[in-house]
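Heads up, the thing below is written out as structure tokens.
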Ligand SMILES: CC(C)(COP(=O)(O)OP(=O)(O)OC[C@H]1O[C@@H](n2cnc3c(N)ncnc32)[C@H](O)[C@@H]1OP(=O)(O)O)[C@@H](O)C(=O)NCCC(=O)NCCS
């Protein structure tokens, strides 16, 4: 039995420790992290799963990004503690957070990951959407309305279209921490 809740500032370092445990050393050197530089995550979509004892079992975060003139969510990191993997917790967090994202007006989500896992949540390879190099294009996956959305994925704050009055704005202003 797990309790899902929005991540709070008090959870931050515990979640970071979980990510350090679950990912290879140097994860923050990955090019996808440049999309998170100087940008807060979307607080309402940063979720933690704790067991009945309060032990952190899994966490997920989302960041706002720009793709050409469009806005999107970058899903991740998501991690489930190694002792809790394979119990459906990853699927629970994915389903919960994607539904919440839709409910608050984000209709376009991308990630860099394994298609065999994320396909079950509707993710497909994104054609014409490029993550900062070096990212394997086969691992750039999206779900939602990507019709006519192409281009480089850019940092929300420093992306080329930041501040452009013509910016497409289908989503509410991101709820930045
Ligand atoms: C990927 C991760 C979040 C999945 O969470 P989980 O709670 O273990 O997953 P679930 O229990 O919801 O689903 C388990 C299923 O996913 C499959 N699966 C898990 N990781 C997979 C992967 N990388 N590729 C393909 N399938 C995968 C399992 O084989 C299992 O398949 P089954 O349903 O056919 O038995 C978790 O394994 C994890 O934290 N891994 C380390 C960090 C990581 O890689 N994060 C994702 C970055 S792309």
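The values are calculated or read from the model by the stated rules, or taken from the named source; none is laboratory data. Since this is a predicted model, take the numbers as computed values, not measurements. So basically every Cβ, Gly included, is an ideal-geometry build from the backbone, and we count neighbours across all protein chains shown.
Among the residues of the stretch 64-101, which ones are part of a strand (DSSP E or B) and away from the ligand (no atom under 13 Å from the Cβ)?
Residues of the stretch 64-101 part of a strand (DSSP E or B): 64-67, 70-80.
Across the stretch 64-101, the qualifying residues are 64, 65, 66, 67, 70, 71, 72, 73.
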- Query: Given the residues 61, 47, which is the only one that is touching a helix residue (DSSP H, G or I) at 6+ places or on another chain (Cβ under 6 Å) and either more than 11 Å from the ligand (Cβ to nearest atom) or under 19 Å from residue 12 (Cα atoms) (or both)?
  - Reply: 47
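I'd like to check something: does the stretch 16-30 contain any residue that is surrounded by 16 or more Cβ atoms within 10 Å (Cβ to Cβ), more than 27 Å from residue 130 (Cα to Cα) and modelled with pLDDT of 95 or more? Before the answer, list the steps.
First pass over the stretch 16-30, keeping only residues surrounded by 16 or more Cβ atoms within 10 Å (Cβ to Cβ): 18-19, 22, 30.
If we keep only those that are more than 27 Å from residue 130 (Cα to Cα) as well, we get 18.
Now drop any that are not modelled with pLDDT of 95 or more, which leaves 18.
There is at least one residue in the stretch 16-30 that is surrounded by 16 or more Cβ atoms within 10 Å (Cβ to Cβ), more than 27 Å from residue 130 (Cα to Cα) and modelled with pLDDT of 95 or more.
Report, by residue number, each residue of the stretch 61-101 that is without any contact (Cβ under 8 Å) to a residue 24 or more places away in the chain and under 14 Å from the mean Cα position of the chain (by Cα). Please lay out each step first, then the result.
From the stretch 61-101, those without any contact (Cβ under 8 Å) to a residue 24 or more places away in the chain are 78, 83, 85-88, 99; that's our starting set.
Once the filter is applied, which keeps residues that are without any contact (Cβ under 8 Å) to a residue 24 or more places away in the chain and under 14 Å from the mean Cα position of the chain (by Cα), the stretch 61-101 yields 78, 99.
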- Query: When the residues of the stretch 124-142 are filtered to those that are in a strand (DSSP E or B) and farther than 20 Å from residue 29 by Cβ, which remaining residue is nearest to the ligand (Cβ to nearest atom)?
  - Reply: 141
- Residues of the stretch 102-123 that turn out to be outside any loop (DSSP other than H, G, I, E, B), away from the ligand (no atom under 14 Å from the Cβ) and either in contact with a helix residue (DSSP H, G or I) (Cβ under 7 Å, 6 or more places away or on another chain) or closer than 18 Å to residue 147 by Cα (or both), as a count: 2
